[in-house]
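Below is one structure, written out as structure tokens; comments come after it.
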Amino acid sequence: MTALEYNRDLELDHDTIVSIQETVSGWPDGEWSPALVAKIGAWSGSRGLAEDGRVTTDVLEAFRTSWEQDLELEGDEALDDPDPESVDKEEADEDDTLESVAPSRAEALMARQRDAVEAAQHDLFAFGFEPGGADGFYGSNTAAALRAFQAAAAGPSRVVGYQRRDVDVTFAGAVTGDWDAATVDEMDRWKREGYRYLAAGSEYMQRRVRVDNYGRMRRSSVLLEDVPSATQRPRRMHKLAATALRAMIDAAKEDGLDLKVQSGWRAHRWKSKSHYKSEMKRRYGSVSRGRRLVAYQSPHETGLAVDFGSEGLFPTSRTRKQQFSSPGFVWLKANAWRFGFHPYQYEPWHWEFPISRRAWVLGESDWA
């Protein structure tokens, strides 16, 4: 019996399989696959257990032990100090990719190829455009993102690695929003070459990381990695964000700055929405007032957000205005975009690393 057959015969419930997938960086669909078996083997082997990918009693117990620690807090949750307008927007935003739009040849094609549309949405987001949630439907957000991609592809400007540079223009299509061969070929080229796009003058541009678009990362996830900490406690971030952060920190050191992390990944701090509301009423008198001070969910829960705690930066609103002139902020405003980090413009210490949900789930770069 193969490990795949063994695991299927266990008849574990859907939620348990998803929990395993979220821990080992598998796609959380609740289905067994050879790729998931391989990741389970690597995970269990790193803990001194069998490496064959079978979820034996010992391996399942190891998973459950790690899950018991998933909700432990980091001790820095009180650093959350969100902008009221941002909190309102994050809770009010709806994904409108299902919005009805005039039927087109491209839409009819995409309706028959939902998986391809979802993959394209991940790609567009990675390139720097905003298709909305990656749901496989060709709605108004996706159409707008595709047109924006086509317009950018018609010009030479790209972000490659950590620099902006001009490239030879190869896109022969038009800005139509149609999913034509020229557009598909150009997107493939962007993936091969590692191209991103950020319009000149948009270096200090918000591109928010929202829990609703990703999910919450488990403490037990293999994708969390240590990053340079400003405290005695280790700080962690999603592995792709951590890799980019370390490169950014090295670049800052060349300019004489020592950037360190005050807060990275955090566990969700509320037992339920009702728990959050009752705490807001108790602390601040009402939910509406409380949500202007403490968010129900934080982008830190994705592992893609960082609060800095050095070079004049620290997560507190008391010195917010002064921090906008700190050495750390001045450097980040000029350079963070090169490494894929975007600001939360209300908080000079807080920066986010938006990637496609596909890359977030699998821990694999969107570029070949």
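The values are calculated or read from the model by the stated rules, or taken from the named source; none is laboratory data. Please read these numbers as outputs of a predicted model, since none were measured by experiment. In this analysis, Cβ positions are derived from the backbone assuming ideal geometry, glycine residues included, and neighbour counts consider all displayed protein chains.
For the range 334-358, what are the residues that are assigned to a loop (DSSP other than H, G, I, E, B) and more than 13 Å from residue 206 (Cα to Cα)? Even if it seems obvious, please write down each step before you answer.
Of the range 334-358, the ones assigned to a loop (DSSP other than H, G, I, E, B) are 340-341, 345-346, 353-356.
If the condition is that a residue be assigned to a loop (DSSP other than H, G, I, E, B) and more than 13 Å from residue 206 (Cα to Cα), then 355, 356 are the ones that fit.
Output yes when any residue across the range 179-187 is surrounded by fewer than 18 Cβ atoms within 10 Å (Cβ to Cβ), more than 30 Å from residue 165 (Cα to Cα) and among the β-branched types (Val, Ile, Thr), and no when none is.
Taking the range 179-187 first, the residues surrounded by fewer than 18 Cβ atoms within 10 Å (Cβ to Cβ) are 180-182, 184-185.
Filter once more, keeping what is more than 30 Å from residue 165 (Cα to Cα): none.
Within the range 179-187, none of the residues are surrounded by fewer than 18 Cβ atoms within 10 Å (Cβ to Cβ), more than 30 Å from residue 165 (Cα to Cα) and among the β-branched types (Val, Ile, Thr).
Just one of 279, 254 is acidic (Asp, Glu) and within 28 Å of residue 328 (Cα to Cα); which is it? Spell out the reasoning first.
Working: 279 fails: within 28 Å of residue 328 (Cα to Cα).
Only one candidate passes the filter, namely 254.
Within the range 40-59, how many residues turn out to be surrounded by fewer than 16 Cβ atoms within 10 Å (Cβ to Cβ) and either touching a strand residue (DSSP E or B) at 6+ places or on another chain (Cβ under 6 Å) or assigned to a helix (DSSP H, G or I) (or both)?
Here the count works out to 4.
Being farther than 16 Å from residue 301 by Cα and hydroxyl-bearing (Ser, Thr, Tyr) is the filter here, so list the residues in the range 333-355 that pass it. Step through it out loud before you land on a result.
Filtering the range 333-355 for residues farther than 16 Å from residue 301 by Cα gives 333-343, 345-349.
346, the sole residue that qualifies.
Go through the range 295-333 and give me each residue that's within 18 Å of residue 256 (Cβ to Cβ) and assigned to a helix (DSSP H, G or I).
Result: 327, 328, 329, 330, 331, 332, 333.
Can you name the residue in the range 306-326 that is touching an Asp or Glu at 6+ places or on another chain (Cβ under 8 Å) and surrounded by fewer than 17 Cβ atoms within 10 Å (Cβ to Cβ) and, of all such residues, is farthest from residue 266 (Cα to Cα)?
Among those residues, the one meeting the criterion is 320.
Okay, residues lined up against (1) more than 27 Å from residue 60 (Cα to Cα); (2) buried (at least 18 other Cβ atoms within 10 Å of the Cβ):
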residue: 224; (1), (2): no, yes
residue: 242; (1), (2): yes, yes
residue: 254; (1), (2): yes, no
residue: 293; (1), (2): yes, no
residue: 304; (1), (2): yes, yes
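Go through 35, 42 for me and flag whichever is aliphatic (A, V, I, L, M) and over 16 Å from residue 220 (Cβ atoms).
Values: 42 fails: over 16 Å from residue 220 (Cβ atoms).
Only one candidate passes the filter, namely 35.
Any idea which of 345, 323 is farther than 26 Å from residue 72 by Cβ, polar (S, T, N, Q) and in contact with a Pro (Cβ under 7 Å, 6 or more places away or on another chain)? Working first, answer last.
Numbers: 345 fails: in contact with a Pro (Cβ under 7 Å, 6 or more places away or on another chain).
Result of the check over 345, 323: 323.
So which residues in the range 315-341 are touching a strand residue (DSSP E or B) at 6+ places or on another chain (Cβ under 6 Å) and under 18 Å from residue 236 (Cα atoms)?
If the condition is that a residue be touching a strand residue (DSSP E or B) at 6+ places or on another chain (Cβ under 6 Å) and under 18 Å from residue 236 (Cα atoms), then 315, 341 are the ones that fit.
Within the range 8-39, can you find the residues that are among the hydroxyl-bearing types (Ser, Thr, Tyr) and either loosely packed, with under 13 Cβ neighbours inside 10 Å or more than 18 Å from residue 58 (Cβ to Cβ) (or both)?
Scanning the range 8-39 gives 25, 33.
Within the set of pairs 6 or more residues apart or between chains, which connect a residue that is basic (Lys, Arg) inside the range 284-304 to a residue that is modelled with pLDDT of 85 or more and crowded, with 20+ Cβ neighbours inside 10 Å with Cβ atoms less than 7 Å apart?
What qualifies is 291/280.
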